[in-house]
There are 2 protein chains.
Amino acid sequence: MKDLFLMDNTIIELIGLTAGVVTSAGFLPQLFRGYKTKKLEDISYFMPIVLAIGMTLWFFYGFLLNAIAIMVANAFSVGCSLVLIFMKKIYS
Amino acid sequence: MKDLFLMDNTIIELIGLTAGVVTSAGFLPQLFRGYKTKKLEDISYFMPIVLAIGMTLWFFYGFLLNAIAIMVANAFSVGCSLVLIFMKKIYS
């Protein structure tokens with residue numbers, strides 16, 4: 001089905017890589033805010049826990065499709081989620 | 001490179017679909033908690049905003065690769081992020 005599109009794989013992977021960088025960066029402001037305020041009470045534990053499980057599955061999906069963007073982005077995001085869980089535990 | 005792996009595309013898409021369901025579900029406990037406590041003060045606005053931008057890019061990536069799992073999961077997650085932003089705005 002890829003042949004239907006005029007874009008080549010390099011451009012698609014570049015979009016994926018940008019998407020990966022942006023979603024990975026999404027967790028950072030939350031970590032900074034939590035670190036600054038030392039308060040993560042309003043965060044549900046289940047959010048980072050469930051996201052980490054899901055993003056580990058995305059990592060394997062990327063691995064099986066050999067899509068580097070998916071692998072790198074999700075590995076980083078899993079790390080951020082685990083840090084968020086750890087921070088909430090410490091601050092509560 | 002897909003030929004290196006013994007798994008066929010159906011199984012890979014099934015893993016992607018499971019990953020999509022799990023990551024999408026990850027936002028729900030946060031929405032429920034926010035709805036129940038009416039407090040989302042500790043959540044950084046930038047998290048759902050940046051995640052929504054990134055997941056929109058993932059949506060296009062999935063669109064270009066014709067990967068339904070990536071499209072559905074990210075469309076749902078973008079929706080959840082927007083609801084989270086809206087809820088934080090209302091409750092603050």
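Throughout, read-outs are computed from the coordinates displayed, never taken from laboratory work. The shown structure was predicted, so the numbers you read here are calculated from the model rather than taken from an experiment. As a convention, Cβ positions derive from the backbone with ideal geometry for all residues, glycine included, and neighbour counts pool all protein chains shown.
For B:58-64, what's the mean count of beta carbons from other chains sitting within 10 Å of each residue's beta carbon?
Numbers: counts 11, 1, 5, 12, 2, 3, 10.
That works out to 6 on average.
Loop-only check: which trypsin sites (Lys or Arg not before Pro) in segment A:2-79 are DSSP coil with at most 15 other Cβ within 10 angstrom?
Details: sites: A:Lys2, A:Arg33, A:Lys36, A:Lys38, A:Lys39; in loops: A:Lys38, A:Lys39.
Here the sparse-neighbourhood loop sites are A:Lys38, A:Lys39.
The simple spin-label model puts a point 7 Å past each Cα toward its Cβ; for B:Thr37 and A:Ile68 those points are separated by 4.1 nm.
Output the relative contact order of chain B, whole-number percent, from Cα pairs under 8 angstrom with separation of 6+ residues.
Values: 79 pairs, mean separation 36.2, N = 92.
Rounded, it is 39 percent for chain B.
Axis angle, to the nearest 10 degrees, between helix A:46-65 and the longest C-alpha principal axis of chain A: 20 degrees. In chain B, the longest principal axis of the Cα atoms and the axis of helix B:9-37 are about 0 degrees apart. The GNM of chain B, with springs linking C-alpha atoms under 10 angstrom apart, assigns the highest mean-square fluctuation among B:Met71, B:Met55, B:Met47 to B:Met47.
Result for chain B in a Gaussian network model with C-alpha springs under 10 Å: among B:Ile12, B:Ile70, B:Ile49, the largest mean-square fluctuation is at B:Ile12. By Cβ position, the chain A residue that hugs the axis carrying A onto B most closely, with its distance in whole Å, is A:Asp42, 2. Between identical copies, the spacing of A:Gly79 label points, each set 7 Å from Cα toward the C-beta atom, reads 3.3 nm from nearest to farthest.
Principal axis extents of the C-alpha atoms in the protein assembly as shown (largest first, rounded to whole Å): 49, 28, 24.
Of all alpha-carbon pairs in chain B, indicate the percentage at a distance above 15 angstrom.
Numbers: 2640 of 4186 pairs.
So the portion of pairs separated by more than 15 Å is 63 percent.
Each copy carries a label point for A:Ile11 at 7 Å from Cα along the beta-carbon vector; from one copy to the others these points are 3.4 nm apart, nearest first.
For every helix of n ≥ 4 consecutive DSSP H residues, a contribution of -39,500 (n - 2.57) applies; sum these over the protein assembly as shown, divide by its total residues, and give [θ] at 222 nm rounded to the nearest 500 deg cm²/dmol. Could you put the intermediate results ahead of the total?
On the way: 6 runs with 146 residues, N = 184.
Taken over the protein assembly as shown, the calculation gives -28000 deg cm²/dmol.
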